[in-house]
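Asks: Dropping a structure here in structure tokens format, bear with me for questions.
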Amino acid sequence: MSNKLVSVKDYEIYAVKTLPKTVLGYYTSGACEEYTLSQNKQAFNRLRIIPRMLRNVCNRDYSVTVLGNRVRIPIGISPCAMHKMAHEDGECASAKAAGKHGAIFIHATLSTCSIEEVARAAPDTIKWFQLYIYKDKEMTKTLIRRAERAGYKALVLTVDAPVFGIRYIDIKNNFSLPSHLRLGNFTEEKSVISKSDGSGLTNYVTSLFEEKLVWEDVKWLKSITNLPIVVKGILSVADAKIAADIGCHAVFVSNHGGRQLDTAPASIEALPSIVKEVGHRIDVYLDCGIRHGTDVFKALALGAKMVFLAQPILWGLTYDGQKGVEDVLEIIINEFDNTMALTGCRTLADIEKDMVVHESIYSKL
Ligand SMILES: Cc1cc2nc3c(=O)[nH]c(=O)nc-3n(C[C@H](O)[C@H](O)[C@H](O)COP(=O)(O)O)c2cc1C
């Protein structure tokens, strides 16, 4: 049998076989019973795509303008901490791979390459910066100024982590950042996630992140930067409405890959009502559970303007650094292109909401 890796699943199988136990545990774990983690994929599988025929799908084009920038595809890389545990080139490799495909790269606060290193490595990639607000507001401000100076095009404020989710695997493994690695955006004690009893990351977050975070902090953020603000981790219509009302540029429907509140809805389940409420006012993006081009199509049909993915990127990175990430993106893009052609869609505007239905409508037949 050939060892050729042809699907995202193949890359996942390779990574599962290869990564050290503690790293794999950190990359794959969800909170508590991991119910939301599993639902992120299953909820996509409960949706069916109804294709249209005879609509001339020649010269397909998926480009779209997002926060003022034209991108080639509505697919990007979600913020994800500590890429160097997968490959020594870390976030620099992932950002370069995103650029090769004209995709957006979101750089995480808790990255192992710094804001500036990624900017230098991937000058042509459209980069957004994911922000955690630290108790130390001056330090938070410094991160924002560094992202602005380095040419990042938006701030993605993660709001679903005032405390960290309970990830039993990390607790069992006493997860910490391997001692030869550092968090690239910081120096001294803020750059290490030390070994401790339980998850070292949870201890880091508890001591440094702002637990008192409220919407006033989002207003504060707006007051100190001109970058567009994307609020990541929104699952309710009420919060999406507040974000739109206070002038955020986009909401990012996400349950953090099932890593925060267990039994929260799958992102794709939460999406339609949020799009209905705010989709005509601000952009709505989505991540969690995207593994196939058909998933991308479903999310776009239900109103997301862009989708992002995290775990598959880590599998590609583990396999072969930048090249591996390029390959994984290529697989998803190719599957999406195939889905577009087979559904009679030449551009994103051709995707219609009623082309995606819940499987339950068929059980009544
Ligand atoms: C290993 C790992 C680390 C992550 N780190 C961050 C982070 O630092 N900041 C953040 O906002 N989200 C983080 N996320 C959540 C992702 O941005 C994203 O919401 C989610 O993982 C997408 O789901 P997917 O992995 O199914 O594609 C992380 C996810 C994973 C798997």
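The values are calculated or read from the model by the stated rules, or taken from the named source; none is laboratory data. All values derive from a computational prediction rather than experimental measurement. Reconstructed Cβ throughout: ideal geometry from the backbone, glycine too, with neighbour counts over all protein chains shown. Note: accessible area is taken over every heavy atom of the protein model, side chains too, but ligands, DNA and RNA are not part of it. Shrake-Rupley method; radii C 1.70, N 1.55, O 1.52, S 1.80 Å.
Asks: Does Lys17 qualify as being under 28 Å from Phe175 (Cβ atoms) and open to solvent by 60 Å² or more (accessible area, probe 1.4 Å)?
Replies: Details: under 28 Å from Phe175 (Cβ atoms): yes; open to solvent by 60 Å² or more (accessible area, probe 1.4 Å): yes.
Spelling it out, Lys17 is indeed under 28 Å from Phe175 (Cβ atoms) and open to solvent by 60 Å² or more (accessible area, probe 1.4 Å).
Asks: Something else about it: Kindly establish whether Leu286 is out of contact with any Gly (no Cβ under 8 Å at 6 or more places or on another chain), in a strand (DSSP E or B) and within 12 Å of the ligand (Cβ to nearest atom).
Replies: Working: out of contact with any Gly (no Cβ under 8 Å at 6 or more places or on another chain): yes; in a strand (DSSP E or B): yes; within 12 Å of the ligand (Cβ to nearest atom): yes.
The answer is yes for Leu286.
Asks: If the requirement is being closer than 19 Å to Ile126 by Cα and either open to solvent by less than 20 Å² (accessible area, probe 1.4 Å) or within 15 Å of the chain's Cα centre (by Cα) (or both), which of these qualifies: Ala299, Ala310? Don't jump to the end; show me each part of the working.
Replies: Details: Ala299 fails: closer than 19 Å to Ile126 by Cα.
Sole residue among the options that is closer than 19 Å to Ile126 by Cα and either open to solvent by less than 20 Å² (accessible area, probe 1.4 Å) or within 15 Å of the chain's Cα centre (by Cα) (or both): Ala310.
Residues checked against (1) over 26 Å from Ala299 (Cα atoms); (2) open to solvent by 10 Å² or more (accessible area, probe 1.4 Å):
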site	(1), (2)
Phe44	no, no
Ile49	no, yes
Val57	no, yes
Leu67	no, yes
Val71	no, no
Ala98	no, no
Ala108	no, no
Ile115	yes, no
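Asks: Which pairs do you get when a residue that is without any contact (Cβ under 8 Å) to a residue 60 or more places away in the chain, found in the range 213-242, comes within reach of a residue that is among the acidic types (Asp, Glu) and buried (at least 16 other Cβ atoms within 10 Å of the Cβ), reach meaning Cβ atoms under 7 angstrom, with the pair 6+ apart or on two chains?
Replies: Correct list of pairs: Val237/Glu277; Ala240/Glu277; Lys241/Glu277.
Asks: Given the criteria within 12 Å of the ligand (Cβ to nearest atom) and under 23 Å from the mean Cα position of the chain (by Cα), does Val156 qualify? Walk me through how you get there before you give the answer.
Replies: On the way: within 12 Å of the ligand (Cβ to nearest atom): yes; under 23 Å from the mean Cα position of the chain (by Cα): yes.
Spelling it out, Val156 is indeed within 12 Å of the ligand (Cβ to nearest atom) and under 23 Å from the mean Cα position of the chain (by Cα).
Asks: Which of (1) open to solvent by less than 40 Å² (accessible area, probe 1.4 Å); (2) modelled with pLDDT of 95 or more; (3) within 14 Å of the ligand (Cβ to nearest atom); (4) not acidic (Asp, Glu) does Ile169 not meet, given it meets every other one?
Replies: (1)
Asks: Pairs, please: C-beta under 9 Å, at least 6 apart or cross-chain, first residue open to solvent by 80 Å² or more (accessible area, probe 1.4 Å) and in the range 343-365, second acidic (Asp, Glu) and outside any loop (DSSP other than H, G, I, E, B)?
Replies: Arg346/Asp61
Asks: Give me the pairs, please: first residue somewhere in the range 38-52 and under 15 Å from Asp287 (Cα atoms), second residue anywhere and among the acidic types (Asp, Glu) and open to solvent by less than 60 Å² (accessible area, probe 1.4 Å), beta-carbon distance under 8 Å, and either six or more positions apart or on two chains.
Replies: Every condition considered, the pairs that remain are Phe44/Asp295.
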